[in-house]
Structure formats: structure tokens, C-alpha cells
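Quick notes on the structure that follows.
Each reported figure results from applying straightforward, stated rules to the coordinates on display, with no laboratory input. Predicted, not measured: the structure shown is a model, and the values here were computed from it. Cβ: placed from backbone, ideal geometry, glycine included. Neighbour counts: every protein chain shown.
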């Protein structure tokens, strides 16, 4: 299982600071993954509670196990799609998401559904990626394995679907959120303790297919070796790091 918590360690502090979870908060964590952000929120909301939601059953099971091992009792996890899941109406005072909202098929409908679970004035705090060409982990790896070919059009969506801050503001406003603020944040992300570790992780993650689906047979066969070369160039004393850029998006539920 790819370690997203290690990858995003530098961004996690930004999310926690912006969320500013209070002791009595009722928190909804969208796309909670293995539950790190949920457990951290639960420790802050010691008189409240946290629900983590993710579409990956494997991640949810891992999240439950880690919460039990760490003795975090005021957190629960649900295997569900936040776009359509029937949440308890007005059941939460804060919703957070660390890169868990970019894959919605219908963002307005999805954010409206999430909003229905929030109390009036409840806060939304999320991190989303800026555009693909602002990410060193995209451009450097893509160039290393595919040369100077332009980025494939498919990379304009997917994890970068909320990269346009104006569009994101309009989507949230259309869904019923007010006071939308979008702040730029830059941090490096880590792919492994060393090049070998990162190589295995990115192959398991399917990074070559994601960043270079347009390679022909010969180039595709050479891609793993080219990926290793890129990773070795980014291998430092404390791991393999690539620059990145995201938006910190905050808003309040206005309905």
C-alpha cells in the first residue's frame, strides 16, 4: 500500500493549522485514506468526534486498525462515496480533506451533498493540487520517461480538476458555501527513503501509466529504468523529494 502519509508529511501541518479543530468539534474527513488526518483531528476534538470516509475499503480497514492500535476512541470510519453517501443532516461542524475531493464526477452535487451534513456556518478546509505543470513530480518524471513530449490532455483533469482557483470558488459557491478563500501553498513531497524505495513505490502506484500513457512499446519498456534515473537525481540525505504546489481552500456552509 502506497504511503500517502509519508508523501504528504509537509502539507499535513498546513491542513491541521487551517482546520484549527476545537475540543467539541464534530469533524467529517473526506477521502481519509489510512486515517492519519482523522486520528489527528480526533485528538484535537477530544470532547467531540470524527468520521473518516473513503471509497477504498482497504484504506478504511487500515484506518480502523491504526486507530485501534493508537487508542483513538472518538473516531469512526465509513467505506462510502462522499458524493452520494447519506450523511446525518447537520451532523458536523467542520469538514476536512487532504486531496480527497478532486475526483468528483459532479463537483457541485458532491459538495452540496457534503454541505447537507454540515451545520450552518460550519467550516470546510481542504487541500487540492494546482495545475499539473506546476508540479515538479509531474514535469520532472514525465520529462525523464517521455522526453519533451507535451503533457497528455488527460492530466488536465483527475487530481488536477480543482486546479483553477476561480472555477473552484464558483463550484463551492454554487454548492452553497460562502466566504471561499483559496491560498497558495508550496511544499516538497516525498516518494521514498531512497531511490530504490521510491522506485518500488511509484511502480506500485502506477506512476508511469499515469504520467506517460502515450509511450510506444520500446519507450514503455525503457520507462522503469528512466524513472529510476530521475529518482536518483532527486535522492537526498533525507529521502527522494519533488517540489509541488497546492491550494488551501477554506469556506463556510451558508445554507
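Things worth noting here:
- In segment 1-124, inverting the average of 1/r over every pair of distinct C-alpha atoms gives 14.3 Å as the Kirkwood radius.
- Using alpha carbons only, the radius of gyration of the chain set against its Kirkwood radius gives Rg/Rh = 0.99.
- Two-decimal ratio, segment 192-255, of alpha-carbon radius of gyration to 2.2 N^0.38 Å: 1.54
- Cα centroid separation, segment 203-246 to segment 15-67: 31 Å.
- Comparing mean-square fluctuations of 181, 70, 61 from a GNM of the chain with C-alpha springs under 10 Å, the top value falls on 70.
- Solvent-free Debye calculation, one equal scatterer per alpha-carbon of segment 128-248: log10 I(q)/I(0) at 0.10 Å⁻¹ equals -0.36.
- The alpha carbon radius of gyration of segment 72-161, expressed as a multiple of 2.2 N^0.38 Å, is 1.41.
- Nearest-ten-degree value, helix 136-146 long axis tilted from longest Cα axis of the chain: 30
- Rg/Rg_ref, segment 49-118, where Rg_ref = 2.2 N^0.38 Å and atoms are Cα: 1.13
- Angle between the chain longest axis and helix 57-70 axis [Cα atoms, degrees, rounded to 10]: 70
- Computed E for residue 229/residue 9 - FRET, C-beta separation, R0 25 angstrom, nearest 0.05: 0.50
- Rounded to the nearest 500, the 222 nm mean residue ellipticity of the chain from helices alone is -12000 deg cm²/dmol, with -39,500 (n - 2.57) taken per DSSP H run of at least 4 residues.
- Cα-based helix-to-principal-axis angle, 217-233 vs the chain, degrees rounded to 10: 70
- In whole percents, the pair-distance distribution calculated for segment 53-203 from its alpha-carbon pairs, binned every 10 Å from zero, is 9, 31, 34, 21, 5, 0.
- Simple spin-label estimate for residue 47 and residue 70 gives 2.3 nm between the two label positions (7 Å along the Cα-to-Cβ direction from each Cα).
- By average C-beta atoms within 10 angstrom, highest first, the peptides 200-206, 125-131, 89-95, 25-31: 25-31, 125-131, 89-95, 200-206
- Of the peptides 186-199, 41-54, 71-84, the ranking by mean beta-carbon count within 10 Å, highest at the top, reads 41-54, 186-199, 71-84.
- Point-to-point label distance, residue 109-residue 133, nm (Cα→Cβ direction, 7 Å offset): 3.2
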